[in-house]
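Take a look at the structure set out below.
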Amino acid sequence: MFGFLLPPCEAAGNSGHDVLLKKAYELQIQFKETEALAVYEQIITADADNFEALCQASLLHCRMGERFADDSRKMEHFNTAKLYAMRAYQLDTTNTRSNYAMALSLASSAIISGPKQRLALTNQIKSYLDKALFYDNRHADAWHLLGRWYFKMANLNFAEVTALKMMFGGVNDKVTNQDAVHAMEMAILHNPSNLQYYYDLACIYQEMKDKAGCASTLQQALTLNLDLQTKEELELSRRCKIMLQDQHK
């Protein structure tokens with residue numbers, strides 16, 4: 001499920017914090033994300049330019065922010081995620097992970113922003129995703145976020161389209177749900193064990209009124225035989241089952 005992580009030996013590099021990075025990595029794959037974040041931030045406190053710790057801390061703040069119902073708590077995490085992502089990006093603008101971290105932090109903030117700010121943030125996301133995939137076109141999480149971006153842009157309402165025209169001169173009319181499908185399929189290709197990818201692809205097919213595509217995707221998801229360990233994974237599995245039942249009605 002952790003497409004953003006690197007093996008400990010690759011993550012550590014020559015940072016001088018090899019042991020702590022390995023510890024944080026191990027905590028993360030054990031789903032102890034709060035503890036992992038604390039270690040990454042310990043590294044950042046000692047070394048503000050630690051690229052790996054900055055990228056991973058940004059990712060974790062985005063994930064944790066999503067779990068709060070209170071928008072103010074969400075934004076605290078998302079703002080910190082963006083701060084870390086910007087630091088990583090400034091260290092290396094040509095790295096897939098720093099570009100992905102920027103895109104994810106912007107996408108997270110957009111969810112709880114007002115209409116104009118949300119559109120402004122959404123408009124920025126694509127350039128970072130394009131760069132992320134330019135430097136590594138096998139980055140599953142970047143493909144997944146691109147799929148979500150395409151889906152959002154392909155289904156803008158009239159007011160959003162009008163606002164985009166006023167703010168940025170318009171929107172690419174060629175963006176379609178099929179673009180979103182392709183991006184999600186690429187995400188699944190490069191990480192076929194991530195349940196979120198299948199669920200989001202099924203939602204796109206549902207919007208397209210493609211019952212066969214939706215059902216097929218959900219059946220694939222439910223035959224993965226994944227070892228579901230987190231509340232998020234269990235909830236996704238439940239939603240997949242309910243959606244599949246609805247497709248057969």
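The values are calculated or read from the model by the stated rules, or taken from the named source; none is laboratory data. The shown structure was predicted, so the numbers you read here are calculated from the model rather than taken from an experiment. Reconstructed Cβ throughout: ideal geometry from the backbone, glycine too, with neighbour counts over all protein chains shown. Side chains are part of the model used for accessible areas, which takes the heavy atoms of the whole protein and leaves out ligands, DNA and RNA. Shrake-Rupley method; radii C 1.70, N 1.55, O 1.52, S 1.80 Å.
Note on K126: lysines with a C-alpha under 19 Å away, same-chain residues under 8 apart excluded, are K82, K116, K152, K165, K174. Over the stretch 183-249, the pair-distance histogram of Cα-Cα distances with 10 Å bins from zero comes to 23, 57, 20, 0 percent, rounded to whole numbers. Residues of the chain: accessible area per residue at 1.4 Å, in Å²? Dividing the accessible area of the chain by its residue count gives 51 Å².
The V19 and N137 beta-carbon pair, evaluated with R₀ = 35 Å, returns a calculated FRET efficiency of approximately 0.60. The length gained on full extension between T162 and M75, counted as 0.36 nm times the residue separation minus their Cα-Cα distance, comes to 28.6 nm. For the listed peptides 199-212, 113-126, a ranking on the average number of other beta carbons within 10 Å per residue, highest first, reads 199-212, 113-126. Treating r as the C-beta distance of T223 and Q30 and R0 as 30 Å, the FRET efficiency rounds to 0.70. The three principal axes of the Cα atoms in the stretch 9-148 give end-to-end lengths of 44, 35, 25 Å, sorted in falling order. Per-residue surface analysis assigns I188 an accessible area of about 20 Å², computed on protein heavy atoms at 1.4 Å probe radius. Ignoring ligands, DNA and RNA, what percent of the 1.4 Å accessible area of the chain is carbon and sulfur? Roughly 52 percent of what the probe reaches on the chain is carbon or sulfur.
Each of A69, T230, I44 was placed along the dipole of the chain (beta-carbon charges, centred on the mean Cα), and the one lying farthest toward the positive end is A69. Convex hull volume per residue, computed on the Cα atoms of the chain, equals 131 Å³. Can you figure out the FRET efficiency of N123 with L91, using R₀ = 35 Å and their beta-carbon distance, to the nearest 0.05? Calculated value: 0.90.
Charged side chains reduced to their Cβ positions (Lys and Arg at +1, Asp and Glu at -1) give the chain a dipole of some 720 debye around its Cα centre.
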